1. Going through region 50-81 one residue at a time, which ones are among the polar types (S, T, N, Q) and either within 18 Å of Val131 (Cα to Cα) or modelled with pLDDT of 95 or more (or both)?
2. Has region 30-43 got any residue that is surrounded by fewer than 16 Cβ atoms within 10 Å (Cβ to Cβ), under 18 Å from the mean Cα position of the chain (by Cα) and assigned by TED's automatic domain parsing to the domain that holds Ile104?
3. Kindly establish whether Val102 is closer than 15 Å to Leu55 by Cβ, outside the structural domain of Asp224 (by TED's automatic domain parsing) and surrounded by fewer than 18 Cβ atoms within 10 Å (Cβ to Cβ).
4. Mind listing just one residue for me: the one in region 164-187 that is more than 18 Å from Leu70 (Cβ to Cβ) and of a type outside the set (Gly, Ala, Ser) and, of those, surrounded by the most Cβ atoms within 10 Å (Cβ to Cβ)?
5. Within 27 Å of Val83 (Cβ to Cβ) and not in a loop (DSSP other than H, G, I, E, B) - does that describe any residue in region 224-240?
6. Considering only region 207-229, I want to know if a residue exists there that is outside the structural domain of Val100 (by TED's automatic domain parsing), among the polar types (S, T, N, Q), modelled with pLDDT of 80 or more and out of contact with any Asp or Glu (no Cβ under 6 Å at 6 or more places or on another chain).
7. Out of Trp11, Trp65, Trp74, I need the residue that is more than 20 Å from the chain's Cα centre (by Cα), aromatic (Phe, Trp, Tyr), in a helix (DSSP H, G or I) and outside the structural domain of Lys177 (by TED's automatic domain parsing). Which one?
8. Mind checking which pairs have a first residue in region 198-225 that is in contact (Cβ under 8 Å) with a residue 40 or more places away in the chain and among the polar types (S, T, N, Q) and a second that is crowded, with 18+ Cβ neighbours inside 10 Å and assigned to a helix (DSSP H, G or I), Cβ under 6 Å, 6 or more apart or different chains?
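The values are calculated or read from the model by the stated rules, or taken from the named source; none is laboratory data. The model shown is predicted, which means the values in this text are computed figures rather than measured ones. Cβ placement follows ideal geometry from the backbone for every residue including glycine, while neighbour counts extend to all protein chains displayed.
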Amino acid sequence: MNLSRIGAWLWQNRKVIITAVFAYGLFQAIFYLPHGLAVWIIGLLVVLTLGVWWLSGFSRNVRQWVWLLLEIVWVTIGGLGFVIFNLLSPWAFQLAAVLVIVVIFWLMLLYEEYLSEGSWPVWSFSILDFVDLLTFFLVSSSMLLAADLFNLNFAWILAGFALQVLLAVNLRFWREKMKSRRKWFYIVLTALVSEEVLWVISFWHRSVFLKAFLTSLIFYLFADFILHYIRGTLTVRVAVEYLFMVAVLLAIVFVIDWLFVLQ
């Protein structure tokens, strides 16, 4: 009986499993055969695109599955940046690769449920927001590390950061069905504020991860304020709670950074 259930589950989720297995194999190639890095990354993007398209039943309605593809590619870029720029040991790489693939696998399962039922489970919103915030941090730190390593013009980093902000805010608006006519005004405003913050802290001689954490925190705070404002739930109490949380987190992070500097 258990074997039949396992077999039924494997067959039912074969699209997600096959895509995840191929993606994991390409992660291994990226780490152990870095000379073909561009080929492996292109192959990974092709596998993810075909997997998502297959998940949607090869639907020609691109709007039905494009947000899944963009989110999975975004998560993958964050994972790849963490793996490539941090010179991980083999066991640490395997752990990071497994975590990224598990997140991709889970996202595809969740999107498959969304595509079949047309709605999101209530419990998924907070988890998806956390995954997106973690991805935002990983991609931001990867871009800043790339700027230092390759001596890139900072304009490229600002452009990449703006695209990330636009994607992250659009994902939240899309999931929560925010259809305000002024949506794009808020999206562009969030991007401009985030760009200004990144520009200012880029002159600050602190670790890349601290800068990425600060930009992620400010993005999270600003995006949540906008969502509360659109819903009409932005009260003084909500604002004070968010500001208190941010103040506590900033205090913890600066104390940790100060201790590391002293060492």
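1. Filtering region 50-81 for residues among the polar types (S, T, N, Q) gives 56, 59, 61, 64, 76.
The one that is among the polar types (S, T, N, Q) and either within 18 Å of Val131 (Cα to Cα) or modelled with pLDDT of 95 or more (or both): Thr76.
2. Going through region 30-43, the residues surrounded by fewer than 16 Cβ atoms within 10 Å (Cβ to Cβ) turn out to be 32-39, 42.
Then drop every residue that is not under 18 Å from the mean Cα position of the chain (by Cα), which leaves none.
No.
3. Numbers: closer than 15 Å to Leu55 by Cβ: no; outside the structural domain of Asp224 (by TED's automatic domain parsing): yes; surrounded by fewer than 18 Cβ atoms within 10 Å (Cβ to Cβ): yes.
Judged against the criteria, Val102 is not a match.
4. Here is the first cut: in region 164-187, the residues more than 18 Å from Leu70 (Cβ to Cβ) are 179-182, 185-186.
After this cut, where a residue has to be of a type outside the set (Gly, Ala, Ser) as well, the list is 179, 181-182, 185-186.
Values: Lys179: 9, Arg181: 6, Arg182: 10, Phe185: 11, Tyr186: 20.
Filtering region 164-187 for residues that are more than 18 Å from Leu70 (Cβ to Cβ) and of a type outside the set (Gly, Ala, Ser), the one surrounded by the most Cβ atoms within 10 Å (Cβ to Cβ) comes out as Tyr186.
5. Filtering region 224-240 down to residues within 27 Å of Val83 (Cβ to Cβ) leaves none.
No, every residue in region 224-240 fails to be within 27 Å of Val83 (Cβ to Cβ) and not in a loop (DSSP other than H, G, I, E, B).
6. First, the residues of region 207-229 that are outside the structural domain of Val100 (by TED's automatic domain parsing): 207-229.
Applying the additional criterion that residues be among the polar types (S, T, N, Q) yields 207, 215-216.
When the remaining residues are screened for being modelled with pLDDT of 80 or more, the result is 215-216.
From the residues that got through so far, the ones that are out of contact with any Asp or Glu (no Cβ under 6 Å at 6 or more places or on another chain) too are 215-216.
The answer is yes; a qualifying residue exists.
7. Values: Trp65 fails: more than 20 Å from the chain's Cα centre (by Cα); Trp74 fails: more than 20 Å from the chain's Cα centre (by Cα).
Going through Trp11, Trp65, Trp74 in turn, just one is more than 20 Å from the chain's Cα centre (by Cα), aromatic (Phe, Trp, Tyr), in a helix (DSSP H, G or I) and outside the structural domain of Lys177 (by TED's automatic domain parsing): Trp11.
8. Thr215/Ser140; Thr215/Val197; Thr215/Leu198; Ser216/Phe136; Ser216/Phe137
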